[in-house]
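Enquirer: Before we start, here is the structure in question, set down as structure tokens.
The values are calculated or read from the model by the stated rules, or taken from the named source; none is laboratory data. Computed from a predicted structure; not experimentally measured. As a convention, Cβ positions derive from the backbone with ideal geometry for all residues, glycine included, and neighbour counts pool all protein chains shown.
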Amino acid sequence: MSGEIAIAGLQAAKEARPGLKRLNEAVMKPGDIVLTTTTAAVSKAIRVATGSDISHAMVCVEDRSIIDATGEGVHARNTQRLLFDGDCSVYVLRLREGLSDHQLAAVRNYMRGHIGTQYSTKEAMLTLLGGARQLSKRQFCSRLVAQAFASAGIHLVANPNFCSPANIQNSPLLASVADATVPVTAKEAAWWDGNDDVPQLMRDAINTVLGGARAKNPDIQTFDDLHCHLVSHPECDSDFCRLLETSNYLSLWKVELDKNPWQYDLALLNAAPADQAEAYCWSVLENEDGGPNRYIVNRGGYLLFSRQYDLQFFRVMAALYEHLAALHQQRIDVAAEWLHANGHFSRPAPTHLTPHTPEWFTALEQWDSPKAMMTRKVIELAGRMDVCSICGDDPAKDYRLEANHRPPGGVDTLRLCDDCVAIRRQAGDPFIPLFDAANGDVGEGA
């Protein structure tokens, strides 16, 4: 609950290196709630005030990643870097009835939507001490967790706005997960100490961008708030773009790429121990089960903003997330290819969404909302579904892009008339007929 709890706790654990433990990723699932404590004085004070053995709450959002609220604000962390003293309580709790895909998406979206929000020490303390309380946009750990689940229609506590980690621990909706932690060897701890903490670099960059934006408007807490301010004050466009540059927000992907090149290169992945490579590859594919990844969603949102408001900030962010989506897809392709090459599963034949079907529009709206809106308008004006996606002419046929030109958002098909096919090919988009029996292509959503 304390803003210093995770930071002080991590430092205390490093100093007390014997008997360290960390979260056991093998038993954890996205949506799990993690309750912890440390040997720090502030943690002890919270435990005394609540009559509990825990003092901090966070949520697992995907494999090896949690989001919590600390003195740094609301941010994501790598679970493998969260080291706890062996005597400190650590629990993983899971909803007894389970989370539906829709509920999990709501919890994740809420947590991620509050990234960068400042911490409220005052409201956290008032939750423990009582007295008059006025709700602000700031966060503390247990509020963030309870509000995230409330956004999915799951009320863990009576008052999600003012609750303690102990309140969450005592929720009848939650059950404990066995074997929540595993020991950490001195060698493993030393390895993590000697490697760049990319999530920490990202936290620093986010705080630099939002901190600079708050100099313009102290009410800004999240990137959504920044967007609203920018739309109302377009004169801030160049200043906010400068914040992206000076914070290194736009170039952090290079650090990750340099640190883990094997994730993007099959030859390098083949050189890794087989058991570790297999575990990594399965975790990559399992993380794709939760619907469109955030890079695709963010790219689509920024692209729509850039078309509506013609601001450089939105164009830069759309380009960034398009690149991140491409890197993400590269990781998926490498992991799938490794599993296939090592006999763990057979890769299915490629599928391509049939243009103008509901599934096609859903995917296109996520990747390129303006293009989806344009095609809907074209179809509406034509009064028919079998017309060209771009100009509304007929006759029109279904085409797909060649594999190496497929966008990372996954929408690689269009319904095109002869003129538009020729124009797109001249522009560098090698469209070929969708149903190509010679290549075993399969249409989906027809």
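Enquirer: Taking the range 348-371 as the region of interest, how many residues are under 21 Å from Pro433 (Cα atoms) and assigned to a helix (DSSP H, G or I)?
Expert: Counting residues in the range 348-371 that are under 21 Å from Pro433 (Cα atoms) and assigned to a helix (DSSP H, G or I) gives 7.
Enquirer: Also, quick follow-up: Could you give me the residue pairs with C-beta distances under 9 Å whose first residue belongs to the range 48-64 and is farther than 16 Å from Arg143 by Cβ, whose second residue is in a loop (DSSP other than H, G, I, E, B) and of a type in the set (A, V, I, L, M) wherever it lies, and which are 6+ apart or on separate chains?
Expert: Within 9 Å, the pairs are Cys60/Met28; Asp63/Met28; Arg64/Met28.
Enquirer: Further question: Quick check on Thr246: is it crowded, with 16+ Cβ neighbours inside 10 Å and either of a type in the set (Val, Ile, Thr) or touching a Phe, Trp or Tyr at 6+ places or on another chain (Cβ under 9 Å) (or both)?
Expert: no
Enquirer: I'm checking my understanding of the structure. Among residues of the range 61-85 that are more than 13 Å from the chain's Cα centre (by Cα) and assigned to a loop (DSSP other than H, G, I, E, B), which one is surrounded by the most Cβ atoms within 10 Å (Cβ to Cβ)?
Expert: By that ranking, first place goes to Leu83.
Enquirer: Confirm whether Ser232 is outside the structural domain of Asp368 (by TED's automatic domain parsing), more than 20 Å from the chain's Cα centre (by Cα) and over 26 Å from Arg22 (Cα atoms).
Expert: When the stated conditions are applied, Ser232 passes them.
Enquirer: Here's something else I'd like to know. Among the residues of the range 404-446, how many are at pLDDT below 70 and part of a strand (DSSP E or B)?
Expert: Going through the range 404-446 one residue at a time, the tally reaches 3.
Enquirer: Sort through Ala205, Ala175 and tell me the only one that's assigned to a strand (DSSP E or B), among the small types (Gly, Ala, Ser) and either closer than 30 Å to Leu20 by Cβ or over 20 Å from the mean Cα position of the chain (by Cα) (or both).
Expert: Ala175
The rows are residues; the columns are (1) within 19 Å of Ala318 (Cβ to Cβ); (2) among the aromatic types (Phe, Trp, Tyr); (3) surrounded by 15 or more Cβ atoms within 10 Å (Cβ to Cβ); (4) in the same structural domain as Val421 (by TED's automatic domain parsing).
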site: Leu364; (1), (2), (3), (4): yes, no, yes, yes
site: Val378; (1), (2), (3), (4): no, no, yes, yes
site: Lys397; (1), (2), (3), (4): no, no, yes, yes
site: Ala403; (1), (2), (3), (4): no, no, no, yes
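Enquirer: Hey, does the range 86-103 have a residue that's under 15 Å from the mean Cα position of the chain (by Cα) and at pLDDT 95 or above?
Expert: no
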